[in-house]
1. Just to verify a number: FRET efficiency for residue B:311 and residue B:213, C-beta to C-beta distance, R0 = 60 Å, to 0.05?
2. Calculated from DSSP H runs of 4 or more alone, at -39500 (n - 2.57) each and per residue, what is the 222 nm mean residue ellipticity of the protein assembly as shown, nearest 500?
3. Name all residues of the range B:250-292 having a backbone nitrogen under 18 Å from the label point set 7 Å from the Cα of residue B:320 along its Cα→Cβ direction, giving them as ranges.
4. Cα-based Rg (one decimal) and Dmax (whole number) for the range A:1-88, in Å?
5. By how many degrees, between 0 and 90 and to the nearest 10, does the Cα long axis of helix A:97-114 differ from the longest principal axis of chain A?
6. Work out how much length residue B:58 to residue B:221 would gain on full extension: take 0.36 nm times their residue separation and subtract the Cα-Cα distance, in nm to one decimal.
7. Taking the number of other C-beta atoms within 10 Å as the exposure measure, put A:20, B:281 in order starting with the fewest.
8. Rg to Rh ratio, chain A, alpha-carbon atoms and Kirkwood radius?
């Protein structure tokens with residue numbers, strides 16, 4: 001009984017089929033359902049102590065899976081937007097494949113982190129970090145108050161510093 | 001992922017760091033601010049770590065050209081979710097229809113055939129003709145030396161006739177009339193209710209229709225669609241968007257609903273054919289439109305996808321009473 005992973009193993013074994021079904025339903029197809037079910041359990045593993053006191057394991061799994069599902073849709077939508085954007089790059093810009101891969105990876109990471117911000121906060125933060133606008137310029141561009149711009153900037157830094165990987 | 005390096009930093013340190021960064025990025029920070037920040041940073045290893053993380057964040061932003069990154073990172077999530085749906089739909093389109101729940105293949109027995117709500121059957125008749133039964137459909141098959149007859153009692157069938165060695169005619173009979181296949185593919189639907197009628201859509205070649213109350217036969221060609229009662233042909237009142245492109249079998253034969261800029265209430269009326277109970281939406285959202293290919297094998301999932309796409313909620317009183325609302 002001392003094995004701390006035992007409750008998780010039990011959770012996996014009991015609910016694996018159900019979780020695969022859940023993913024099949026959400027994705028509309030079964031191609032990756034078991035992969036996503038695995039990812040869900042991997043995420044559960046990050047907080048092993050929570051599992052031991054679980055009252056409603058399926059509700060817990062659903063919450064975690066829903067987070068993964070949102071990530072999945074966002075990755076997809078970025079992928080589409082990215083492909084469209086690079087298709088529109090004029091040929092004279094001469095973007096090398098290596099450069100594009102680097103840009104795409106950075107975008108994926110940034111997008112994942114910025115997803116935790118409200119749309120307006122995200123816009124403010126991106127305008128500051130990518131276009132290098134001052135807060136006064138951002139306030140003028142967005143019609144937000146100086147205070148709000150600062151608040152959104154603080155949120156942006158907090159979220160990114162918390163989630164940044166590597 | 002470098003686990004050791006991305007160990008959680010104290011939330012309080014992160015908040016302090018964020019406050020400093022806001023100041024430094026404001027466009028108003030002077031030398032005194034930078035000096036004060038340097039002192040803060042040198043105060044503890046965790047502060048230094050937070051600063052290094054901020055540096056990496058800057059590197060990531062620097063890797064992205066603004067002209068590309070601003071529109072991508074600030075894209076409208078709702079629009080993009082819909083785009084994602086389309087991608088998914090495109091994949092669903094290619095998948096075999098056999099994924100549809102209850103979809104079964106039968107070899108050609110004569111007699112009665114029936115599908116339940118949400119079910120579909122693929123029937124291969126003795127002469128090689130194919131009949132697909134849509135949801136909630138009942139029919140009889142009678143083959144004799146003189147004719148091949150499918151009697152449609154309710155629901156909807158897709159028919160692809162095979163050339164018969166004995167040159168027997170192929171008929172579909174409904175209470176409103178008799179349809180003779182002239183080497184063809186077509187769809188027949190029996191619409192019940194007060195104004196019982198038959199709806200015919202010809203996909204290939206021609207179909208001749210004789211009304212139950214008599215009169216001479218009328219011939220309909222590929223791409224044409226008609227409704228008729230036992231006594232009369234009705235003016236086609238199908239909205240342009242609902243008409244089937246010539247030659248293409250309707251979505252349900254592949255286990256999907258195909259919506260092209262379809263009104264939500266129209267889509268839900270269609271969905272309700274495939275599940276028991278009531279599916280409706282609030283009048284205020286009935287006119288919202290959407291496009292996509294929706295799989296029929298799980299209508300709960302279908303409704304969730306639709307709701308998600310339009311930013312609506314699925315209100316489930318019981319599984320027999322579902323409403324989509326804001």
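1. Computed FRET efficiency for residue B:311 and residue B:213: 0.75.
2. Details: 15 runs with 219 residues, N = 492.
Mean residue ellipticity at 222 nm (helix-derived): -14500 deg cm²/dmol.
3. Residues passing the 18 Å test: B:272-280.
4. 15.7, 59
5. 70 degrees
6. Working: separation 163, 0.36 × 163 = 58.68 nm, distance 6.56 nm.
Residue separation times 0.36 nm, minus the Cα-Cα distance, leaves 52.1 nm.
7. Details: A:20 18, B:281 26.
With the fewest neighbours first, A:20, B:281 line up as A:20, B:281.
8. Values: Rg = 20.5 Å, Rh = 19.0 Å.
Using only Cα positions, Rg/Rh for chain A is 1.08.
Any read-out appearing in this document is the output of simple, stated calculations on the displayed coordinates, not a laboratory observation. It should be emphasised that the depicted structure is a prediction, and the values quoted were computed from it without experimental measurement. Every residue, glycine among them, receives a Cβ derived from its backbone with ideal geometry; neighbour counts consider all protein chains shown.
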